[in-house]
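As structure tokens, the structure follows; a few thoughts come after it.
Any read-out appearing in this document is the output of simple, stated calculations on the displayed coordinates, not a laboratory observation. This one's a predicted model, so the numbers in the text were calculated from it and none came from an experiment. Cβ atoms come from the backbone with ideal geometry, glycine included; neighbour counts cover every protein chain shown.
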Amino acid sequence: MKRLFALFLALIIASPLGAADIGDDGLHKTDWMRDTFKDLAEDLAEANSEGKRLALIFEQRGCIYCTKMHEEVFPRPELADYIRENFFVVQLNLHGDVDVTDFDGDILSEKALARKWGLLFTPTILFMPQDVPDGRSATQAAVAVMPGAFEFFTTIDMFTWVNEERYLLDNEEDFQRYHARRINERRDGQAN
């Protein structure tokens with residue numbers, strides 16, 4: 001009986017934090033991702049109407065870094081709840097064929113859009129402003145880009161920095177300085 005319990009406990013400890021669902025397209029799915037018509041101006045308008053920030057996340061089938069994010073980082077309740085409450089997240093497939101309407105009016109497949117935007121790595125998250133100037137593409141308008149998989153604290157700090165519009169502070173505290181301050185606050189026990 002003790003061996004069975006020890007084996008059960010070992011399996012729980014060895015299991016990822018959260019087993020992510022995989023969709024028919026081979027991409028990880030979460031309850032905070034939105035299934036939209038992929039018209040980015042409409043997605044932005046809907047995000048704004050909900051008082052949320054639009055974030056575009058590019059992923060690909062078989063991406064080990066996407067898996068890491070979906071199993072170890074995104075499931076943490078503090079981050080998952082923060083994203084759910086503050087962000088309107090649209091998932092795009094780096095090699096996908098679904099048509100997407102960019103803010104500048106271009107209608108391209110997901111893979112053609114990734115090439116247009118120069119995206120090479122997954123996951124990549126583009127954080128959008130509440131208003132995108134006419135004629136600008138998503139990459140030209142993005143207030144921040146998170147290229148790749150990061151650990152929990154970097155990820156939650158990036159989402160917080162964007163949501164709090166700290167990018168508008170005239171470089172008083174760019175993301176790197178903000179993140180360094182938050183690391184020190186957590187280390188010193190001052191972070192909430």
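Below are the figures for this structure:
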item: Proximal aspartates and glutamates to K52, defined as alpha-carbon separation beneath 15 angstrom and excluding residues fewer than eight positions away on the same chain; result: E42, D43, D81, E85, D131, E164, E165
item: Coil-residue trypsin sites (Lys or Arg not before Pro) of region 51-146, DSSP, other Cβ within 10 Å capped at 14; result: R136
item: 16 Å Cα-Cα reach of K111 towards aspartates and glutamates, excluding residues that sit fewer than 8 places from it in its own chain; result: D25, D39, E59, D97, D99, D102
item: For the chain, size of Cβ-based charge dipole, Lys and Arg +1, Asp and Glu -1, in debye; result: 1060 debye
item: Sites R136 and D188, calculated FRET efficiency, Cβ-Cβ separation with R0 45 Å, nearest 0.05; result: 0.65
item: Quotient of C-alpha Rg and 2.2 N^0.38 Å, computed over the chain; result: 1.12
item: Neighbour-count order for I64, I107, fewest beta carbons within 10 angstrom listed first; result: I64, I107
item: Top of F87, F58, F153 by mean-square fluctuation, Gaussian network on the chain, Cα under 10 Å; result: F153
item: Within the chain, helix-based [θ] at 222 nm, where runs of 4 or more DSSP H residues each add -39,500 (n - 2.57), nearest 500; result: -11000 deg cm²/dmol
item: Principal axis dimensions, largest first and in whole angstrom, of region 78-192 by Cα; result: 49, 27, 25
